[in-house]
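See structure below.
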Amino acid sequence: MKKSVAEFPLAHFEELIPLLMRCFPAFWGPRLARGVHSFPYDLKLFCMELDGQRMGTAGIHEYPFLFHGAAVSCGGLCDVGIDPDFRGHGYAGFLQEFALAYCRNHYPHYPLVPLYTDKPAVYKSHGWQLYEPDRLLEIRAEDFPKSRAFCLNVPEESMDCLRMKRRPQSRDEEIMHAIQCIYAQGILFNGKCLRSAETWRELFSNPEHEWVLENQTYFLYRGPRLLEAYSTIPDHPSGRFIPAQGGYGSNKIMLNLQRSAEDRMDQLEETIERKALFFPIADTF
C-alpha cells in the first residue's frame with residue numbers, strides 16, 4: 001500500500017468534513033451543528049492518503065507565546081486523527097513523526113512541541129511526556145462569582161477591528177477592543193499566548209463563552225467555569241491567579257522536547273521542572 005502526506009488547502013474544508021466527523025465526532029458535531037466550518041485556531045493541516053484514499057490528518061498550530069519575557073513561536077501538534085477503519089497499523093505514529101520533522105525544520109530555535117489529547121498513552125511511546133502544571137494558583141469561579149455576564153458575536157465586518165486596522169464602530173466592537181487591550185496589558189507569565197485576530201474571533205463568538213467587563217478588568221467564563229481574568233490595575237486580586245490550564249474537554253497536555261535547540265533547553269527544562277510553564281485553556285480549546 002502506498003501512503004503519502006500532503007498539506008490540505010483549508011479553502012476546501014468541506015471536502016474533509018466526513019473524515020473529521022469520523023475521527024472527532026464529539027468535537028466537530030457541535031461545531032458543525034451551529035454552522036462553524038472552520039478550526040478554532042490558525043493551523044497548517046496535512047492529510048494522509050493510503051492508495052489515494054483520505055484516512056488521516058495532522059495539524060500544526062503555530063503557538064506564539066511569552067517565555068521569560070521574550071516572544072517566541074513553536075509548532076503545536078493538533079488534530080491527529082485516523083479513520084477508525086485504519087487504526088491499529090501505526091499510521092498515527094507515522095503522522096506524529098511527519099509533524100515533528102516539520103516543527104524541527106520550521107521552528108528550529110525553540111525546543112518544544114505541545115499537544116492536547118485525551119489519549120496520552122498513544123503518544124508516550126513516541127517521546128511525549130505528560131505535563132501537569134501547578135494548579136494551586138489556578139483561577140476559580142469561587143474566587144470571582146459570575147455576575148452581569150454577557151455573550152458576544154463577531155460579524156465578518158468586525159475582523160478589521162479585531163486586527164486593529166480600524167477603530168470600533170459599535171458597542172460590541174468597543175467591548176471586544178477593550179478586552180483585547182486589557183489582555184495585552186494584563187499579567188505576564190511563561191506561556192501567555194500572543195493571540196491572533198482569528199483566535200479572538202473564536203473566543204468572542206463561542207456561544208459557551210460569557211464575559212464580564214468592569215473597571216479595566218475582564219473575566220471569561222465557560223458555563224460555570226472561570227477560564228481567565230485580566231486587569232490593567234496593578235494590584236487587582238485577579239493578578240494573584242493564573243488562567244485555567246488544559247485543552248478541550250478532558251484533554252491532557254503533552255510535551256515533546258526537541259533537543260536540537262540547545263540554546264533554550266536548560267532554561268526550558270528548569271521551567272518545566274518547576275511546573276511554571278502555563279498553557280491557558282482559552283488558547284488551546
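One table, with the values for the structure above:
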item	result
For the range 137-198 and the range 1-58, distance of Cα centres in Å	29 Å
Dimensionless Rg/Rh of the range 189-285 - Kirkwood Rh, Rg from C-alpha atoms	1.01
Label-point separation, Glu156 to Arg240 (7 Å along Cα→Cβ), nm	4.8 nm
Accessible area, probe 1.4 Å, largest first, for residues Asp283, Asp118, Asp85, Asp143	Asp85, Asp118, Asp143, Asp283
Listed residues Asn190, Ala178, Tyr218: farthest to the positive end of the dipole of the range 160-222 (Cβ charges)	Asn190
Backbone N within the range 213-251 under 17 Å of label point (7 Å from Arg167 Cα along the Cβ vector)	none
Difference of contour (0.36 nm per residue) and Cα-Cα distance, His12 to Asp134	39.9 nm
Accessible area in the full protein assembly, largest first, 1.4 Å probe, for Tyr230, Tyr91	Tyr91, Tyr230
Sorted largest first, extent of the chain alpha carbons per principal axis (Å)	62, 44, 35
Debye, to nearest 20: dipole size of the chain, +1 on Lys, Arg Cβ, -1 on Asp, Glu Cβ	220 debye
With DNA, RNA and ligands ignored, accessible area of Met48 (1.4 Å probe; Å², nearest 10)	0 Å²
Accessible surface of Arg54 - all protein chains present, 1.4 Å probe, nearest 10 Å²	90 Å²
Histogram of C-alpha separations across the range 236-285, 10 Å bin width, %	21, 41, 32, 7, 0
Whole-number D in µm² s⁻¹ for the range 139-187, Kirkwood Cα-pair radius fed into Stokes-Einstein, 10 °C, 1.306 mPa s	128 µm²/s
Contour excess over end-to-end distance, with Cα ends at Lys124 and Met21 and 0.36 nm allotted per residue	34.6 nm
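The values are calculated or read from the model by the stated rules, or taken from the named source; none is laboratory data. The structure displayed is predicted, hence computed values, not measured ones. Positions of Cβ are generated from backbone atoms using ideal geometry, with glycine treated the same way; all protein chains shown enter the neighbour counts. Side chains included, ligands, DNA and RNA excluded: accessible areas come from the protein's heavy atoms. Shrake-Rupley method; radii C 1.70, N 1.55, O 1.52, S 1.80 Å.
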